[in-house]
Amino acid sequence: MAESRIYEIRVDVATQYLAEQSDAAANRYVFAYTITISNVGTIAAQLISRHWLITDAEGDVQEVRGLGVVGHQPLLQPGEHFEYTSGCALNTPVGTMSGSYQMTAEDGTQFDTPIPEFVLSMPRVLH
């Protein structure tokens with residue numbers, strides 16, 4: 001018999017380049033990302049903290065850790081989701097982000113939810 005997926009969180013990401021906040025001459029490329037965190041498991045779980053690895057095109061890595069996301073530590077019942085938008089600035093027009101959310105289930109079990117790597121990229125503009 002297959003083990004049921006009690007602790008299962010899905011992470012979906014949409015990204016956007018923010019041209020109005022970016023300055024290519026100063027090597028400043030700003031991106032927004034919207035993340036939807038969905039509890040597709042069978043037990044309530046709370047997002048406690050986050051861990052990000054932000055890598056630019058030159059291989060420079062910024063590591064970010066902190067409590068919650070955008071000032072929240074959402075408690076997600078099975079079937080619920082939480083969406084937020086945040087952003088980051090890179091020194092290159094392309095980069096990646098990946099990481100994990102540290103979660104605590106209603107029964108006290110702590111587990112990590114991976115954030116799959118996603119690409120931040122300035123769109124190619126044709127002149």
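The values are calculated or read from the model by the stated rules, or taken from the named source; none is laboratory data. Worth saying up front: this structure is predicted, and the values here are computed from it rather than measured. Cβ placement follows ideal geometry from the backbone for every residue including glycine, while neighbour counts extend to all protein chains displayed.
Scanning region 64-96 for residues that are within 13 Å of the chain's Cα centre (by Cα) and closer than 21 Å to Val119 by Cα yields Val64, Arg65, Val69, Val70, Glu83, Tyr84, Thr85, Ser86, Gly87, Cys88, Thr96. Under the condition of being touching a Phe, Trp or Tyr at 6+ places or on another chain (Cβ under 8 Å) and loosely packed, with under 13 Cβ neighbours inside 10 Å, the residues counted in region 10-29 number 1. Among the candidates Thr96, Thr92, Thr55, Thr104, the residue that is surrounded by 13 or more Cβ atoms within 10 Å (Cβ to Cβ) and in a loop (DSSP other than H, G, I, E, B) is uniquely Thr92.
Could you go through region 120-127 and let me know if any residue there is more than 18 Å from Leu18 (Cβ to Cβ), assigned to a loop (DSSP other than H, G, I, E, B) and modelled with pLDDT under 95. Looking for residues that are more than 18 Å from Leu18 (Cβ to Cβ), assigned to a loop (DSSP other than H, G, I, E, B) and modelled with pLDDT under 95, one finds at least one in region 120-127, hence yes.
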